[in-house]
Amino acid sequence: MLVKVSVLIPTYNAEQFIRPLLSKLENQKLPEGVAMEIILVDSSSTDRTKGIVKEQFPNVQFHTIPNKEFNHGGTRNMLADLATGEFLLYMTQDAIPFDDKLIMFLLENFQDENVLIACGRQIPKEDANPLEKYARSFNYPDKRIIKDKSKISELGIKTFFNSNVCSMYRATLFRGDEFHGFPNDVILNEDIILSYYVIMKGYKVIYDNRAIVYHSHNYSIKQQFKRNFDIGMAFNESEFMLQNVSNEKEGIKLVLGQLKYLIKNGYVTQVPRCIVESGMKFIGYNLGRRHHLFSEKTKRKLSAYMK
């Protein structure tokens, strides 16, 4: 019986990335009996994203929505509704497959019926700064991790970690009666929230270090502040995930690890940047956790994603 994988990607002004991304996807080595479809939902790009896809990748399905209608959870649920595959691979427009085995590796994890999500590894792009390089290695280690409820005491909040930069799901998470896809109205963390529900209901999430994409950002300090304000808001709205775990401990581990990495590898001039950036991320996150104290107008100024 033919099995189909639906590759689902929200896009906006993706001209810089769309050719290498779609080329790498169309050249994936699929196991025998596996087919693939690629579906994009574009938030009314103002660059050549649509033209490139229509002209150079005619087999890719392209749908357009108004920019103001984009929502991290809702738009991805829309993509799931458009998909016809038994497995849904969510990616972002700037995540470039490392090789032609990405889909094959992710699919292998689902031989276990209790696995509902398989998340890939992210490695930094060539232009990544030292802080970003360390952050990728910290969050995406080179080892396979099987995550279920038994791992909570060991991994803490990382038990539920999952990223739609590159993550495959059984379609039953979006079409069945037990799960209902991503939460529609969250500013971030739709992927982590669904992973939380999966694990707490007794299923498994796999982190597969073989399934690799290039993905990194050289955010400015201002961008880091805004992004962490949004992360704080997201965790405030999903407080239930933090009942028995803390994500702040992971933040402290990351900062200490970054400082050691910079000193050990001769990036001492980056230490002040690390300290300032970490401070702004901490402030942004904690302000986001208290976002109800601010007006909507102020929150839009502090946020990276609020429209």
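The values are calculated or read from the model by the stated rules, or taken from the named source; none is laboratory data. Not measured: the values here are computed from a predicted model. Cβ atoms come from the backbone with ideal geometry, glycine included; neighbour counts cover every protein chain shown. Ligands, DNA and RNA are excluded from the accessible area calculation, which covers all protein heavy atoms including side chains. Shrake-Rupley method; radii C 1.70, N 1.55, O 1.52, S 1.80 Å.
The table below gives the values:
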read-out	value
Lone unmet requirement of (1) in a loop (DSSP other than H, G, I, E, B); (2) open to solvent by 10 Å² or more (accessible area, probe 1.4 Å); (3) not charged (D, E, K, R) for Asn162	(2)
Enumeration of residues in the stretch 274-299 that are surrounded by 13 or more Cβ atoms within 10 Å (Cβ to Cβ) and either on the phi > 0 side of the Ramachandran plot or outside any helix (DSSP H, G or I) (or both)	Phe294
All positions within the stretch 236-287 that are without any contact (Cβ under 8 Å) to a residue 60 or more places away in the chain and closer than 17 Å to Asn139 by Cα	Glu248, Gly251, Ile252, Val255, Leu256, Leu259, Lys260, Ser278, Lys281
Output for the stretch 190-208, where each listed residue is touching a Phe, Trp or Tyr at 6+ places or on another chain (Cβ under 7 Å) and not β-branched (Val, Ile, Thr)	Glu190, Leu194, Ser195, Tyr196, Tyr197, Asp208
Scan of the stretch 59-84 for residues that are in contact with a Leu (Cβ under 9 Å, 6 or more places away or on another chain), more than 17 Å from Ala14 (Cα to Cα) and not in a helix (DSSP H, G or I), ordered by number	Gly73, Ala83
Any hit, the stretch 199-211, residues being open to solvent by 20 Å² or more (accessible area, probe 1.4 Å) and acidic (Asp, Glu)	no
Criterion violated by His217 - all others in (1) more than 15 Å from the chain's Cα centre (by Cα); (2) surrounded by fewer than 18 Cβ atoms within 10 Å (Cβ to Cβ) satisfied	(1)
Considering residues of the stretch 110-122 that are over 19 Å from Leu25 (Cα atoms) and crowded, with 18+ Cβ neighbours inside 10 Å only, the residue nearest to the chain's Cα centre (by Cα)	Ile117
The stretch 9-29, residues that are small (Gly, Ala, Ser) and open to solvent by 20 Å² or more (accessible area, probe 1.4 Å)	Ser23
Residue selected from the stretch 10-58 under the condition part of a loop (DSSP other than H, G, I, E, B) and of a type in the set (D, E, K, R), by the criterion modelled with the lowest pLDDT	Glu32
Residues of the stretch 70-125 satisfying the condition of being charged (D, E, K, R) and under 15 Å from Ile39 (Cβ atoms)	Arg76, Asp81, Glu86
Qualifying positions in the stretch 98-124 - of a type in the set (Phe, Trp, Tyr) and over 26 Å from Lys149 (Cα atoms)	Phe98
Any chance Ser303 is over 13 Å from Asp230 (Cβ atoms), surrounded by 18 or more Cβ atoms within 10 Å (Cβ to Cβ) and not aliphatic (A, V, I, L, M)	no
Filter result for the condition that a residue is out of contact with any Asp or Glu (no Cβ under 7 Å at 6 or more places or on another chain), in contact (Cβ under 8 Å) with a residue 12 or more places away in the chain, under 19 Å from Tyr305 (Cβ atoms) and open to solvent by less than 10 Å² (accessible area, probe 1.4 Å), over Val41, Val5	Val41
Residue among Lys125, Lys101, Lys147 that is open to solvent by 50 Å² or more (accessible area, probe 1.4 Å), of a type in the set (Lys, Arg), touching a residue at least 24 places away in the same chain (Cβ under 8 Å) and in contact with a strand residue (DSSP E or B) (Cβ under 9 Å, 6 or more places away or on another chain)	Lys101
